[in-house]
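So the structure is just underneath, and the comments pick up after that.
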Amino acid sequence: MKKLLYIFLVFFSGMFIAQKNTYVKFAVYNNAIGTASMFDLYKDSIEKVNAFKTKASLPPHLKKFDYLADNGLIEIKFKKNAGYPDSLSLEMLNEQNNLPKDRPVFIEGYQFNDTTTLVYNEMIDNIELIDSNGQKNIHISTIRN
């Protein structure tokens with residue numbers, strides 16, 4: 001009985017960790033990923049915001065981010081000569097945490113298999129290394145307003 005209870009505990013805790021946070025809305029600027037709330041700090045520098053409500057409505061240049069569009073996807077365009085946030089690649093984050101560069105990274109439960117993907121530093125609230133099926137992965141939670 002204890003073994004069965006332990007198996008259920010491990011199974012459900014793994015499912016809880018891997019759950020996508022459907023409240024987070026991702027935004028793309030210059031081929032890098034951030035969150036919509038993160039860009040609120042840059043309201044004066046933003047020229048245009050395009051909101052796509054479904055995966056099917058994404059333009060061809062954003063199709064590679066369709067796995068993030070469960071809750072829609074926003075494309076940001078900054079004014080000329082405007083300042084914008086710093087970004088880094090997920091493979092760089094993996095290296096900083098002594099993991100292989102190509103190890104998938106999870107952001108709010110969304111799995112990023114392409115670790116050359118750039119993300120904005122400002123959206124990162126917390127980074128954890130979580131062991132899943134004998135493999136450590138980075139799990140990132142974002143800043144929420």
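Quick note: the coordinates plus some simple rules give every number you see, no bench work behind them. These figures come from a predicted structure and were not determined experimentally.
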Self-check item: Debye equation applied to the C-alpha atoms of the range 35-80, log10 I(q)/I(0) at 0.24 Å⁻¹
Solution: -0.86
Quiz item: Given 25/77; 55/79; 53/136; 55/101; 55/80, which pairs have Cα atoms separated by over 24 Å?
Solution: 55/79; 53/136; 55/101; 55/80
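Pull out a ≥ b ≥ c, the square roots of the eigenvalues of the alpha-carbon gyration tensor of the range 51-128, then state rounded if a/c is under 1.5, prolate if not and a/b is larger than b/c, and oblate in the remaining case. Provide the component values of the computation, followed by the final result.
Working: a/c = 2.09, a/b = 1.33, b/c = 1.57.
It is oblate, given that a/c is not under 1.5 and a/b is not larger than b/c.
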Quiz item: Using θ = phi - 60° and the Karplus curve 6.51 cos²θ - 1.76 cosθ + 1.60, what whole-Hz ³J(HN,Hα) does each residue of the range 23-39 get, with Gly and Pro shown as x?
Solution: 7, 7, 10, 7, 10, 10, 9, 6, 6, 10, 9, x, 10, 4, 5, 4, 6
